[in-house]
Structure formats: C-alpha cells, structure tokens
Ligand code: 4AD
Ligand code: MG
C-alpha cells in the first residue's frame, strides 16, 4: 500500500478533481459483489462514497463485509449514477478490521435497535441526530456566553426534592445514609445568582419516571438558567431568544442532517419570535373548543399539550398555571394568588413542553408557608430558606430539556432517538 498518500475525509473527495489519486479510510456501509466488479460504499464521519473495484483489484475487496474497516486507494471519477456525482475507481484496498455478520440487517424493530445501540450509533440516522445534537449543545453555551451568563456546576448527589418526591432516585451513600440523584440544579443556581447574577448550567437530571411515554427519560440533559432581578416576562423573553438562537444555528450548520432525517426546514424557519403567549385559562378555553374539558386546577398532560399546539405554527408559552400543579417554589401572581408566575414553553407539531420556568418565591415567610402547604418540611430546605434571609431579590429561571429540544428540532418520533444511549424506565443497557 502507498502509505505516503494521506487519507482524506470522504466529504473532501467530492471536491477533488477527476483523476486525482486519493486515499480514504472508513467502514463498509454497503457491499455488492457482481463477479467482475465489487462495489463498496464506504462511510466515515463526514459522508459516504462508492468505490468500484474491477478485475485483479476486486480480489481483496471481496473479503470485506458490512462494517469492516478499510483503507482504500483509488482515482476520483465522475459518475452520474453515483450518489454525489463522484465515485472512486479502486486501485488497492487494505482490510483493517474485519467484520462478519453485522447484526443489524433488514429487520430493524425499535426494541432491537435499542438493544444494539452501541452498533446502531453508526447509522446515518443516528449520525445525523448526533450532529444536530452537537450543534444544539454548542448553541446553548454560545447563547449564554454571548449574553453575560456564567457557566456553573451543581452537585448530582442531593438531599431534598426540587420537583416533588415521587420521582427521586435514592442512592446509598458512602456513610450508609440515603441521598438522591438530582432532578434539577435549580436551587443551586438560585444560590449562585447572589454571587454571579446570571448563571446557567447544562447537566444531567434524573427522574424515576413511572410513565412510559415518547418524551420521558430517567436520565436527561437539563439546561437551566437563573437570573437575579428578572420577572416572568423577562425570563420568557430569554427563553424565546435562546430557542430561536439554537434553531438558527441548526439551520445554518445542519441542513444536510435535517434533510436526511426528512425534516421540513420551513417548519423550523417559521419559529421566529415573538412566540405565542396564552394563559392557562385561555389554554382551557381552547381545549374546550376542541371538545376536551379540563377542570380548572388540573394539569395539562401530553395529550392536552398535543391538541393545544395544533393551533400554533411556532412555540407557544402557557403562563400562569394554578398553584397546585406547579412545584412549591413558584411565586403567586400578586394580582391573582391562585395562579403562579410560571410558564411552560410548548413546541409545535405535537411535541409539547420543552421548557418549564418562572418567577421564584423570594419572601421567607411566603416560602415557608408554601413548603408547608405542599406537605413538605421546612427543615429539609434549610439552606434554600437561607437564600431568603440574606439579601433576597426577585429572580426567575427555567429548565430546558435538551433531549426534548433535539427531538423537536430534528423531527424525531421518540425521545430515545434524540440521544445515543437513552435511559428509560425499562432500559439501562447498553
Ligand atoms: O418542568 P421541569 O420539571 O422543571 C424543572 O425541573 C425546573 N426546576 C427547571 C428550572 O426552572 N430550573 O423540567 C424542565 C424541563 C421540562 O420542560 C422538560 O423539557 C425536561 O426538563 N424534562 C424531561 N426531559 C426528559 N425526560 C424527563 N423525564 C423529563 N422531565 C423534565
Ligand atoms: Mg414541567
């Protein structure tokens, strides 16, 4: 083999002049032996290209199978029938890592593909999703860093519930005591605004979700922000700007991936702010016009959200949820104490909630009475209560489910398709 010839990314081959001698390395995506000719489609992280071996050269190529790793040398040739208009006329091939009977063949049921996720991550679908996900994470960081936020980190081991006790994951700690995996970094972010004012974090959150739905993971990536002095309106504005920033970045950087996933770009292009804003009460009215009656005070579930977002061609905020359906830390609307200064952001096309947030109770006595009202013990929240004792300020924040956001932006059917190794009620392998 001509070791001096440096291998190139497959995407670069399409830029090469006809007749150039090139080397690539990658994995065999498809393999066809027609006797006198052997066709290999080789893939790497940048794309796929067809390599054709004829006569003598075909002998080595005949030894490969799907997903074998190979080093190939050949000349670039234009061919109208080849995907991308170019192919490689193979001259030499080295089999680097053999592969036999790659388990993923025609039968590709959802459960099976989850069992072999460690191999399915090589698929074009997963590759496209992961490239979009990469852009989403980068854009989240980009937005906050460009807008004066500090990145902070909160612990994963905690001692008290943020989002209600039902979904806590207990962990036996080193000293034998029981601690829990975090459901949200919110309370730590609240502590940190007293130092840095505008903070954000992107970290896993854990919830022992009993519900088997298309949008629940037991371990998900949570992007949370908290801002001193901010009101509900201020924080909705931040959420809206953030989402549009992320969507624009994906539209700029991932056109190919979106198309390969069959995503209609117009559906994202039209998500330009301002987003719609409706109150919980208005949401109930809309639902009742659609024949679904929800009792005032009940939460909106996935089904109701799906129906609701049918009415909107871009994301919609639902604000001012009743006190009892939102966690204890939500501040009541002074004009209407039975509702909270809270808002969920629902994504269009049936996706529903991707962000939850709002204004926090900042008064000590009010927070203590809320904790009690929710049947919780103030002593479990001692340090959190301290934040209201020393220079309390009005503040607001939110949490965005990154996996749900990727699911929506990439147009995926199921949240487990939005990350490489999903953890759900029934799955912690591979
Ligand atoms: O609405 P949630 O429960 O809000 C909080 O945790 C707040 N403490 C956040 C904050 O204000 N800092 O969760 C926030 C978002 C949801 O809108 C959803 O997108 C996502 O986190 N999420 C999940 N994603 C996947 N699987 C789950 N089980 C999720 N639970 C929440
Ligand atoms: Mg929520």
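Shape verdict for the stretch 330-380, please, from the Cα gyration tensor: rounded (a/c under 1.5), prolate (a/b greater than b/c) or oblate.
Values: a/c = 3.08, a/b = 1.96, b/c = 1.57.
Because a/c hits 1.5 or more and a/b exceeds b/c, the stretch 330-380 counts as prolate.
Residues 169, 187, arranged from fewest to most other Cβ atoms within 10 angstrom of their Cβ, appear as 169, 187.
Based on the alpha-carbon gyration tensor of the stretch 159-214 and its eigenvalue square roots a ≥ b ≥ c, which shape applies: rounded if a/c is under 1.5, prolate if not and a/b is larger than b/c, or oblate? Oblate is the answer for the stretch 159-214, as a/c is 1.5 or above yet b/c matches or exceeds a/b.
To the nearest ten degrees, helix 232-253 and the longest principal axis of the Cα atoms of the chain are 0 degrees apart.
The ranking of 129, 156 by Cβ neighbour count inside 10 Å, starting from the fewest, reads 156, 129. Based on Cα atoms of the chain, Rg over Rh with Rh as the Kirkwood radius reads 1.07.
Annotation: extensible slack from residue 233 through residue 288 equals 17.1 nm (criterion: 0.36 nm per residue apart, minus Cα-Cα distance). Dividing the summed -39500 (n - 2.57) terms of all DSSP H runs of n ≥ 4 by the residue count of the chain sets its mean residue ellipticity at 222 nm at -8500 deg cm²/dmol.
Can you sort 221, 408, 296, 244 by how many other beta carbons sit within 10 Å, fewest first? Display every interim value, and only then the final one.
Numbers: 221 22, 408 27, 296 9, 244 18.
Ascending Cβ contact count within 10 Å gives the list 296, 244, 221, 408.
Between 0 and 90 degrees, the angle of helix 124-146 with respect to the longest Cα principal axis of the chain falls at about 50 degrees. Among 304, 240, 54, the largest mean-square fluctuation in a Gaussian network model of the chain (Cα springs under 10 Å) belongs to 54. For the stretch 325-379, the relative contact order works out to 31 percent when only alpha carbon pairs closer than 8 Å and six or more residues apart are counted.
Remind me, relative contact order of the stretch 202-245 in percent, using alpha carbon pairs under 8 angstrom and six or more residues apart?
Details: 26 pairs, mean separation 14.7, N = 44.
After rounding, I find 33 percent.
Place a point 7 Å from the Cα of residue 195 along the Cα-to-Cβ direction; which residues of the stretch 203-236 have their backbone N under 19 Å from it? In the stretch 203-236, the label zone of residue 195 (backbone N under 19 Å from the point 7 Å along Cα→Cβ) covers 203, 224-229.
Principal-axis analysis of the Cα atoms of the chain puts helix 364-373 at an angle of about 80° to the longest axis. Gain on full extension, evaluated as 0.36 nm per residue between residue 169 and residue 276 minus their Cα-Cα distance, stands at 35.0 nm.
In this label model, residue 265 and residue 36 are separated by 4.2 nm, measuring between points 7 Å along each Cα→Cβ vector.
Report relative contact order for the chain in percent, whole number only (criteria: Cα-Cα under 8 Å, sequence separation at least 6).
Relative contact order for the chain comes out at 13 percent.
Pick from 237, 186, 127: which residue has the top mean-square fluctuation in a GNM of the chain where Cα pairs under 10 Å get a spring? Largest GNM mean-square fluctuation: 237.
Report the gain in length on full extension from residue 21 to residue 209: 0.36 nm times residue separation, minus Cα-Cα distance, nm rounded to one decimal.
Working: separation 188, 0.36 × 188 = 67.68 nm, distance 5.52 nm.
Here the answer is 62.2 nm.
None of the figures in this text is laboratory data; all of them are computed from the coordinates on show. Not measured: the values here are computed from a predicted model. Quick reminder, even Gly has a Cβ in these numbers, built from the backbone with ideal geometry, and neighbours come from all protein chains shown.
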